[in-house]
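In what follows, a single structure is set out as structure tokens and then discussed.
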Amino acid sequence: MDMFEVDTVVIGAGVVGLACARALARDGREVLILEKNGAFGEETSARNSEVIHAGIYYDAGSLKAQLCVAGRRALYAYAEAHGVPHRRCGKLIVAADADEMPLLEGIAAKASANGVEGMRALGRDETLALEPALDVAGALHSPETGIIDSHALMLAYLGEAEAHGAQLVTGAEVTGGTLRSDGRVELAVGGAEPLSLIAQHVVNAGGLWAQAVARRIDGLGPVPPLALVKGNYFSLTTRAPFSRLIYPAPSGGGLGVHLTLDMQGRGKFGPDTEWLDGDDPGAIDYAVDPARGEAFYAAIRRYWPGLPDNALAADYAGMRPKIAGAAYPDFKIDTPAPGHVMLYGIESPGLTASLAIGDAVVEAIHR
């Protein structure tokens, strides 16, 4: 088996892995990106709502709060500079009835603590003036929330990384490895042409597979437990009567069944929150059960009672790679050995935070 030496290996070519590769390549490092699938961004990065989050919901001081706000500011500037399609459309977080209004007050307090700009509480009349199809008691307006073409963003990250010398290798699954006594990591890479790599630095951005990858590399533990949470989406078969994203007050480990829009203005609802029993990403069934639509209709009609019958179609599902043990766990950026970085629990707002995560990985390697 051929043996190669490389400065930095990034494992995983989703949006976060590509952002890390970009940041590391710009830092002057020789970067090799290993992706087990046949192309970049085929898993979590291809199965999300493509929302640019403002940074509203997360506990003050958490990595999610810090990296989301910093990442969102950087992402708008990046998208503008690199021609990535996006729109700062804003969103309304709505209280379906008066009993939910205190929930909005708590959310507003978190947003303020996180430094989110422009948040404003709206009464019923102000809310309906913005979105007449709603029937709610009030809302919070977040002008900094937006949407982005995630595939175009990944192409931009990859292109910039490659322009600085990075190389992407697909069909290259890390099958084993060990931390050597000299501090470097030896990796076994499978695929059509198996090889061995010795890397000065390893960044595990495996997403759903981050824990599985880490367990294959002796010496880079401990590994936190993984909880898989499926999020199902239903598309709207009629034209959405909204110009902003519409979110209910959050509960149950997710942000509720909310309306998002794509760059063409098509509406979709989701994700819901379906906790899975197992923790094997290889056993995931991404099919959406049409029977879940009944609960979607009920949830949506709490704030949009005019949703027509037969207007929802089962669409796609994504997966949240949560760290087990809490409904709202934080991101985890571990350095189990100097120069090596393990990323765990990078669920939403991972896309929004991607540039900031890349910067944090560079800083971790320099420590």
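Every number here is computed from the coordinates shown, using simple stated rules; none is lab data. None of these values were measured; they are calculated from a predicted model. Heads up, the Cβs are rebuilt from the backbone with ideal geometry, glycines too, and the neighbour counts pull from every protein chain shown.
7 Å from Cα along Cα→Cβ at both Asp2 and Asp218: what's the point-to-point distance in nm?
2.6 nm
What distance in nm separates the two pseudo spin-label positions at Ala133 and Thr238, each 7 Å out from Cα along the beta-carbon direction?
Distance between label points: 0.8 nm.
Report the dimensions of region 284-349 along its three principal axes from the alpha-carbon atoms, largest first, rounded to Å.
The principal-axis extents, from largest down, are 57, 25, 18 Å.
Starting from 0.36 nm per residue, how many nanometres of slack lie between Asn37 and Asp289 once their C-alpha separation is accounted for? Could the numbers behind the result be given before it?
Working: separation 252, 0.36 × 252 = 90.72 nm, distance 2.57 nm.
Between Asn37 and Asp289, full extension yields an extra 88.1 nm.
Evaluate the relative contact order of the chain (contact order divided by residue number), counting alpha-carbon pairs under 8 angstrom at least 6 apart; express in whole percent.
Values: 857 pairs, mean separation 91.4, N = 367.
So the answer I get is 25 percent.
With 40 Å as the cut-off, how large is the P(r) tail for the chain, expressed as percent of Cα-Cα pairs?
Working: 9846 of 67161 pairs.
Tail of P(r) above 40 Å: 15 percent of Cα pairs.
What is the ratio of the Cα radius of gyration of region 169-264 to 2.2 N^0.38 Å, where N is its residue count, to two decimals?
Values: Rg = 20.7 Å, N = 96, 2.2 N^0.38 = 12.5 Å.
So the Cα radius of gyration is 1.66 times the expected 2.2 N^0.38 Å.
Specify, per residue and in Å³, the volume enclosed by the convex hull of the alpha carbon atoms belonging to region 85-242.
Cα convex hull per residue, to the nearest whole number: 215 Å³.
Within the set of other residues whose C-beta is less than 10 Å from the C-beta of Val69, count the net charge using Lys and Arg as +1 and Asp and Glu as -1.
Working: positive: Lys64, Arg72, Arg73; negative: Glu117, Glu144.
Summing Lys/Arg as +1 and Asp/Glu as -1 gives +1.
On a full-extension model of 0.36 nm per residue, what is the gain between Thr335 and Ala77, subtracting their alpha-carbon distance, rounded to one decimal in nm? Present the calculation step by step, with values, prior to reporting the outcome.
Numbers: separation 258, 0.36 × 258 = 92.88 nm, distance 2.92 nm.
Value of the extension gain: 90.0 nm.
Mean 1/r over all different Cα pairs, inverted: what Kirkwood radius does region 221-367 give, in Å?
Values: mean 1/r = 0.0583 Å⁻¹.
After inverting the mean inverse Cα-Cα distance, the result is 17.2 Å.
Amide H neighbours of Gly177 under 5 Å, counting only residues 5+ apart in sequence or on other chains, H built in-plane at 1.01 Å?
For Gly177, whose amide H was placed from the backbone, the distant partners under 5 Å are Ala188, Asp218.
If you project the alpha carbons of region 269-313 onto their three principal axes, what span does each projection cover, largest first, in Å?
Principal extents (Cα only, largest first): 40, 17, 13 Å.
Report D for region 1-61 in µm² per second (integer): Stokes-Einstein, Kirkwood Rh on Cα pairs, 4 °C, 1.567 mPa s. List each step's numbers first, then the result.
Details: Rh = 13.8 Å.
Translational D for this selection: 94 µm²/s.
For a test of the definition: using alpha carbon positions, the gyration tensor, and the 1.5 limit on a/c, classify region 49-155 as rounded, prolate or oblate. Mind dumping the intermediate values first?
On the way: a/c = 2.71, a/b = 1.51, b/c = 1.80.
Oblate shape, in that a/c is at least 1.5 and b/c is the bigger or equal ratio.
Given region 155-195 reduced to its alpha-carbon atoms as identical point scatterers, what log10 I(q)/I(0) does the Debye formula return at q = 0.32 Å⁻¹?
-0.93
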